[in-house]
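In what follows, a single structure is set out as structure tokens and then discussed.
The values are calculated or read from the model by the stated rules, or taken from the named source; none is laboratory data. Quick caveat: nothing in here was measured; it's all calculated off a predicted structure. Heads up, the Cβs are rebuilt from the backbone with ideal geometry, glycines too, and the neighbour counts pull from every protein chain shown.
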């Protein structure tokens, strides 16, 4: 009898620690799966908790015709679909920008997007995706890819993730979604077409040069610290995109980026310190602003950087509460 079989027998007999040991190897990958489905780290937390509760309650009906992993993915996927159906997404903030802010060039409906720490992605098991996987693992957690997924219908999102990211077979996906293999194939074809049209969704950044990346980030930090708009803009791509979830507005292009730096970033943040970190397999900066009353530096937000070669293609700023899973301090010590 395998270890999983022994744990399963004990869990069915009501042994909660055995159940915890049974599902422990899959918790992180289930969390990442729910994150892709929902686009939010916090919502993924809730989805995993509901998934494991449903698995515990449904042990008696699990006949082990599939692996424990496949069974858990089926529960997690349907849990996410139920959450999406019943979700009332947090209302976007509309009054947080100063009057000096430039007019946005567009809007983004995915206002609930949150970052995912690389330190937790590094904790994923070294499981090779199935042979049907189409999307490289680094791209499968990029901000552009996760954002593009949110635009798909919930079922199309589930089909594409299960087939092209995780490599489940068409038959397994059909069983997970209680549908036919033909329906899965049709949904997957449409989802792939939609995703290919999404800007940057499959940018294939996994092969970027770490030394070049580090150099660009270092120069960007220096430009931000010195409040030098021209130096910041010199590092940006011509079609750079700036976004601030949950604010729905976006700013596109170097000219608007320059106006945004002057009218928003340096207007609201006269002084800043930065800690270099990583999110969604991309470089990121934890931003700290100074409290003039006591000199302490408080966490202000997270800036995730999307690079194309030696240029910054996108800057996505997230609110300070999204720093919680990164294990970074809320307050930095006062500098001498």
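Are there any helices (runs of 4 or more DSSP H) wholly within the stretch 2-47 with 2 or more residues that are over 21 Å from residue 61 (Cα atoms) and modelled with pLDDT of 90 or more, and if so which? Full working, then the answer.
Details: elements: 3-12, 16-23, 27-38.
Filter on the stretch 2-47 gives 27-38.
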Scan of the stretch 170-200 for residues that are surrounded by 14 or more Cβ atoms within 10 Å (Cβ to Cβ) and under 24 Å from the mean Cα position of the chain (by Cα), ordered by number: 173, 176, 177, 187, 188, 190, 191, 192, 194, 195, 198, 200
Breaking point among (1) crowded, with 17+ Cβ neighbours inside 10 Å; (2) without any contact (Cβ under 8 Å) to a residue 40 or more places away in the chain; (3) more than 26 Å from residue 109 (Cα to Cα), for residue 329: (1)
Helices (runs of 4 or more DSSP H) (entirely within the stretch 95-210) containing at least 3 residues that are in contact (Cβ under 8 Å) with a residue 60 or more places away in the chain and over 22 Å from residue 240 (Cβ atoms): 118-121, 154-160, 170-177
Any hit, the stretch 226-234, residues being under 30 Å from residue 332 (Cβ atoms), in contact (Cβ under 8 Å) with a residue 12 or more places away in the chain and in contact with a strand residue (DSSP E or B) (Cβ under 8 Å, 6 or more places away or on another chain): no
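Report yes if residue 287 is under 24 Å from the mean Cα position of the chain (by Cα) and without any contact (Cβ under 8 Å) to a residue 40 or more places away in the chain, otherwise no. Can you show your working first?
Details: under 24 Å from the mean Cα position of the chain (by Cα): yes; without any contact (Cβ under 8 Å) to a residue 40 or more places away in the chain: yes.
So residue 287 fits the description; yes.
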Selected residue (only one of 114, 137 is modelled with pLDDT under 90, within 20 Å of the chain's Cα centre (by Cα) and under 21 Å from residue 44 (Cα atoms)): 137
Residue that is modelled with the highest pLDDT [pool: residues in the stretch 201-218 that are surrounded by 15 or more Cβ atoms within 10 Å (Cβ to Cβ) and under 16 Å from residue 140 (Cβ atoms)]: 201
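Look at residue 225 and say whether it is over 19 Å from residue 101 (Cβ atoms) and assigned by TED's automatic domain parsing to the domain that holds residue 326.
Details: over 19 Å from residue 101 (Cβ atoms): yes; assigned by TED's automatic domain parsing to the domain that holds residue 326: yes.
The answer is yes for residue 225.
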Flag if residue 70 is in a helix (DSSP H, G or I), assigned by TED's automatic domain parsing to the domain that holds residue 7, within 21 Å of residue 160 (Cβ to Cβ) and touching a helix residue (DSSP H, G or I) at 6+ places or on another chain (Cβ under 6 Å): no
